[in-house]
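The values are calculated or read from the model by the stated rules, or taken from the named source; none is laboratory data. Just so you know, these numbers come straight off a predicted model, no measurement behind them. Glycine also receives a Cβ, built like all others from the backbone with ideal geometry; neighbour counts cover every protein chain displayed. Accessible surface is based on the protein model in full, side chains and every heavy atom, while ligands, DNA and RNA are left aside. Shrake-Rupley method; radii C 1.70, N 1.55, O 1.52, S 1.80 Å.
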Amino acid sequence: MNVNRVRQILSSSADIEVKYNGASVWIDQLNEDGRTATVHLRGPLEERSNVEINELVEE
């Protein structure tokens with residue numbers, strides 16, 4: 001995924017499915033470096049991780 005698509009997803013009110021390593025995640029924010037984003041797994045767990053945006057895949 002690229003930085004422009006991450007920004008579009010963050011500004012959208014639609015439920016856009018994004019996966020990281022095969023797991024469905026929510027994107028919380030694009031980090032200041034422009035290469036990573038903070039995400040968390042969909043579901044009850046709120047554990048957040050910083051991941052490379054090029055590893056995110058839109059379904």
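Annotations
- Identity of the residue in the stretch 35-52, modelled with pLDDT under 95 and part of a loop (DSSP other than H, G, I, E, B), that ends up nearest to M1 (Cα to Cα): R42
- Pairs where the first residue, in the stretch 2-15, is free of Cβ contacts under 8 Å to residues at least 60 places away in the same chain and the second is in a helix (DSSP H, G or I), C-beta under 8 Å, 6+ apart: N2/I53; N2/N54; V3/I53; V6/I53
- Within the stretch 8-34, the only residue that satisfies the criterion of being open to solvent by less than 50 Å² (accessible area, probe 1.4 Å), assigned to a strand (DSSP E or B) and either in contact with a Pro (Cβ under 9 Å, 6 or more places away or on another chain) or of a type in the set (S, T, Y) (or both) is S24.
- In the stretch 16-31, the residues that are closer than 13 Å to S49 by Cα reach residues that are of a type in the set (S, T, N, Q) and surrounded by 17 or more Cβ atoms within 10 Å (Cβ to Cβ) with C-beta atoms within less than 9 angstrom, at least six apart or across chains, in these pairs: L30/T36.
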